[in-house]
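Step one of this worksheet: look at the structure below.
The values are calculated or read from the model by the stated rules, or taken from the named source; none is laboratory data. Since this is a predicted model, take the numbers as computed values, not measurements. Reconstructed Cβ throughout: ideal geometry from the backbone, glycine too, with neighbour counts over all protein chains shown.
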Amino acid sequence: MKFLRVLCVIWGLIIPSLALDREAFTFTHYDLNVRVEPEQQRLGVRGRITLRNDSANPQKRIALQISSTLDWKSIQIGGQAVDFVTHEYTSDIDHTGALSEAIVTLPREVPPKGTIELDVGYEGIIPLDATRLTRIGVPEEKAKHTDWDQISKSFTAVRGIGYVAWYPVATESANLSEGNSLFETVGRWKARETEAGLKIRLVEAGETSANLPRLFCNGKGGAQTHEQMGRSSLVQSEYSFDPLDFSVPLFVIGGYDALARPSLNISFLPGHKPGAENYALAADLAFPLVVEWFGATRQKAETVELADPEAAPFESGGTLLMPLGSTDSTRYELTAVHQLTHAAFNSPRPWIYEGLAHFAQALEREQQDGRRAALAFMGGHRSAIAETEKALLAAHAQNVAANESLINTSIEEFYRSKAMYVWWMLRDMVGDTALKKALAAYHSDRDKESAYVQRLIEAQTDHDLEWFFDDWVYRDRGLPDFRVESAYPRAKVGGGYIVTITIENLGDAGAEVPVTLRMEGGEVTRRLEVHAKSKAAARIEAPSTPQEVIVNDGGVPETDLSNNVFKIPPPVVAK
Ligand SMILES: [Zn+2]
C-alpha cells in the first residue's frame, strides 16, 4: 500500500509535466513595469503578458519561467487569481542554470490560435551568478567575465533570453553540456518571438546622489525623467520593441557619460573618455564603407561600456556592450565595422547576418591595408573551419548530410567564419557592383526560401551560381583542396611563352580560384572555376620566362595549402 502511495505521488508529479507542452504558446505581447533597486540587487516586475496558443491542441496549462533567483508573487486572469504551482526547473537558458517555473492551470482551455492575457507579478534579486558555466568546468574567474549579468550598487547590466530570464519565457530545458542545445533552444524562442511586442517602463529606485544614473535599454524610446522623494530618487524611462525581431532585450544602469556621432552613440563610464573617443574614431572610419556596402543604418548603433574590463562583449542588433579600456585601434576598427553592419543589415539567417558582419571586417582590412591584409585576417579563421569540417566528417562517417549546411548550421565556425569566406568568394566571382546591388535588394522579411539570396545575386550577373550555393550554402561538402597538377610552357614564335596550367581540386566543394603565373619581372593572375573532384586548365601568356604557378591566394578556404605552388622547370626553346 505504501509503495502504491509513493508511486501515486511520483506519478502525480511526473504525469502533468509529461503532458505539459512548454513551447505551445507564443508570448505575443509584454507590457511590464520593471523596478530595479541596485542597493538591494532587487528586481520587481508587475505587468501583463499576452499569449497565443500556437500548438495544434487546446491547452489547459501554461508554463511561465523566470530566473531562479526570482519568485512568482501573483498570476491573475481578468482580475481573478488563478491556480499555479511553482518549482525549480533546471535549464541553462538562465545564468543560474535554473528557472522558477510556474505552471498555471487555466479556468478553461485555450483553443489553437486562441489568446489569453495574464497579469503577473514577480520579484527577487539578480546577483552575479555563473553556475551554469562553473558546473560544466569553466574556471570561475573566466565564467564571471562571460556571465557578467547582475544588478548591483556599482553596476547593473542584465541581458534577456539566453542569459537572465528577467521577463517570463517558456522553453524546454537547455543543457550546455549537450552540443548546441542552448543555441537551438534560444533560436527556437527567438524565431517564435520575432513578431512579438515588448513595452517596458524601467524605474531605478536608489539613494539620492549628485550623479543621476543613466538607464539604457535596446528598445526604442529612452527619454529619462527624475523624481525626488525624500532621500530616495526615482529615475524612469520607457522603451518598446515593436517587434522583438530576434533581439535580446537588455537593460543597463550606470553613471554613464555620452558621446554622440553620426553613426552611433557611446555610453562610457567615468575616466574612460579616451577609450570612447578611440572607438568613436574607429566608427567614423568604418561608417562610409558600411553605407557603401550595406546601405544607411536602419537604426543608430549604440555602444554601452561594461564595467568589468575583461567582460566578454555582447551584441544584439546594433547594440554592443563591451569594455572601452583598449588602445588597440585595429581591434576597435574591426569591432566598429561589425557593429555598424549589424545596425545596417538585418537577416533572420545567421550565415547572412553574421557572415556579412565578418565579411565587412575583411573589407575594412582591405580598405586600410590592402587585399593581403584582408586575406591574412580571413586566414586567421581558416584552420578553425578546416578542423570543424574534419571533426564533422569523422562524426558523420558516411553521412555528410545537409544538417550542417550554412542555411541550417548552429556551429559558429560555419555561420561566422565559413560564411565570411562564402561572401568573399561571391564578391570575387560577381564583382563589387553586382554584390552591392544584390544586397541592396535584400529584404529580411522576404527571405523565406533558402534560394532567395542566390536569386538576388544571379539577377545582377551572368554567373550561374547554383553549383556554388549547392557546394557551400545548401550542403556541407567540406572544403576544396587545390593542387597544381602541371604547367607546360611553350615558346612562341617571336618571343614569350604560352603556359598551359592544369589545376586539380581534390576536395568535395568547388570554387572559382585565382591562379597566378610568376615570371621574370612580373606575374599574371587568372580566375579558374574548378569543381569538386575535377580538373580545369588555363592557358596564360608570359612575355618573359615563366617560373612558378600558385593556385589560391587565400580567398578560398581549403584543407591543404602545402600543394599550391608548382615550380616550372626552365623551358626548352623550340627551334
Ligand atoms: Zn555579430
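A single member of 264, 321 is of a type in the set (A, V, I, L, M, F, W, C), within 16 Å of the ligand (Cβ to nearest atom) and more than 24 Å from residue 417 (Cα to Cα), and it is 264.
Just one of the listed residues (138, 158, 164, 104) is in contact with a Phe, Trp or Tyr (Cβ under 6 Å, 6 or more places away or on another chain) and closer than 23 Å to residue 183 by Cβ, and it is 158. Residue 309 fulfils the conditions (1) part of a loop (DSSP other than H, G, I, E, B); (2) touching a residue at least 24 places away in the same chain (Cβ under 8 Å) except for a single criterion, (2).
Of the strands (runs of 3 or more DSSP E) lying entirely inside segment 190-291, those containing at least 1 residues that are of a type in the set (D, E, K, R) span 197-207, 214-217, 220-229, 232-241, 257-260. Per the listing 243, 168, the residue uniquely farther than 20 Å from residue 305 by Cα and surrounded by fewer than 19 Cβ atoms within 10 Å (Cβ to Cβ) is 243.
For segment 395-415, the criterion of being within 16 Å of the ligand (Cβ to nearest atom), assigned to a helix (DSSP H, G or I) and either surrounded by 20 or more Cβ atoms within 10 Å (Cβ to Cβ) or small (Gly, Ala, Ser) (or both) is satisfied by at least one residue. Across segment 422-460, the number of residues qualifying as of a type in the set (Ser, Thr, Tyr) and within 16 Å of the ligand (Cβ to nearest atom) comes to 1. Annotation: of all residues in segment 340-352 being within 16 Å of residue 411 (Cα to Cα) and in a helix (DSSP H, G or I), the one that is nearest to the ligand (Cβ to nearest atom) is 350. Surrounded by fewer than 18 Cβ atoms within 10 Å (Cβ to Cβ), closer than 16 Å to residue 294 by Cβ and polar (S, T, N, Q), is that true of residue 433? So residue 433 fits the description; yes. Applying the set (1) more than 16 Å from the ligand (Cβ to nearest atom); (2) of a type in the set (D, E, K, R); (3) in a helix (DSSP H, G or I) to residue 333 leaves exactly one unmet item: (1).
Applying the set (1) buried (at least 23 other Cβ atoms within 10 Å of the Cβ); (2) more than 22 Å from residue 183 (Cα to Cα); (3) more than 16 Å from the ligand (Cβ to nearest atom); (4) not hydrophobic (A, V, I, L, M, F, W, C) to residue 389 leaves exactly one unmet item: (2).
If we scan segment 113-128, do we find a residue that is of a type in the set (Asp, Glu) and closer than 23 Å to residue 218 by Cα?
Narrowing segment 113-128 to residues of a type in the set (Asp, Glu): 117, 119, 123.
Next, from what is left, pick out any that are closer than 23 Å to residue 218 by Cα: 123.
Scanning segment 113-128 turns up at least one residue that is of a type in the set (Asp, Glu) and closer than 23 Å to residue 218 by Cα.
Considering only segment 353-362, I want to know if a residue exists there that is away from the ligand (no atom under 16 Å from the Cβ) and free of Cβ contacts under 8 Å to residues at least 24 places away in the same chain. There is no residue in segment 353-362 that is away from the ligand (no atom under 16 Å from the Cβ) and free of Cβ contacts under 8 Å to residues at least 24 places away in the same chain.
With respect to the conditions (1) within 16 Å of the ligand (Cβ to nearest atom); (2) out of contact with any strand residue (DSSP E or B) (no Cβ under 7 Å at 6 or more places or on another chain); (3) touching a residue at least 40 places away in the same chain (Cβ under 8 Å), residue 375 lacks only one, and its number is (1). Please verify whether segment 303-311 includes one or more residues that are within 14 Å of the ligand (Cβ to nearest atom), crowded, with 16+ Cβ neighbours inside 10 Å and within 27 Å of residue 410 (Cα to Cα). Yes, segment 303-311 contains at least one residue that is within 14 Å of the ligand (Cβ to nearest atom), crowded, with 16+ Cβ neighbours inside 10 Å and within 27 Å of residue 410 (Cα to Cα). For segment 129-150, the set of residues classified as in contact with a Ser or Thr (Cβ under 6 Å, 6 or more places away or on another chain) and without any contact (Cβ under 8 Å) to a residue 40 or more places away in the chain consists of 131, 140, 143, listed by residue number.
Residue by residue, here is whether (1) crowded, with 21+ Cβ neighbours inside 10 Å; (2) closer than 11 Å to residue 530 by Cβ; (3) assigned by TED's automatic domain parsing to the domain that holds residue 375 holds:
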{"position": "455", "(1), (2), (3)": "no, no, yes"}
{"position": "466", "(1), (2), (3)": "no, no, yes"}
{"position": "490", "(1), (2), (3)": "no, no, no"}
{"position": "503", "(1), (2), (3)": "yes, yes, no"}
{"position": "506", "(1), (2), (3)": "no, yes, no"}
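Hey, any hits in segment 421-428 for a residue that's crowded, with 18+ Cβ neighbours inside 10 Å, in contact with a strand residue (DSSP E or B) (Cβ under 8 Å, 6 or more places away or on another chain) and not charged (D, E, K, R)? Give the steps one after another, and end with the answer.
From segment 421-428, those crowded, with 18+ Cβ neighbours inside 10 Å are 421-428; that's our starting set.
Narrowing the set further to residues that are in contact with a strand residue (DSSP E or B) (Cβ under 8 Å, 6 or more places away or on another chain) leaves 425, 428.
Of the ones still in play, those that are also not charged (D, E, K, R) are 425.
Yes: one or more hits.
The number of residues in segment 125-154 being buried (at least 21 other Cβ atoms within 10 Å of the Cβ) and in contact with a strand residue (DSSP E or B) (Cβ under 9 Å, 6 or more places away or on another chain) comes to 7.
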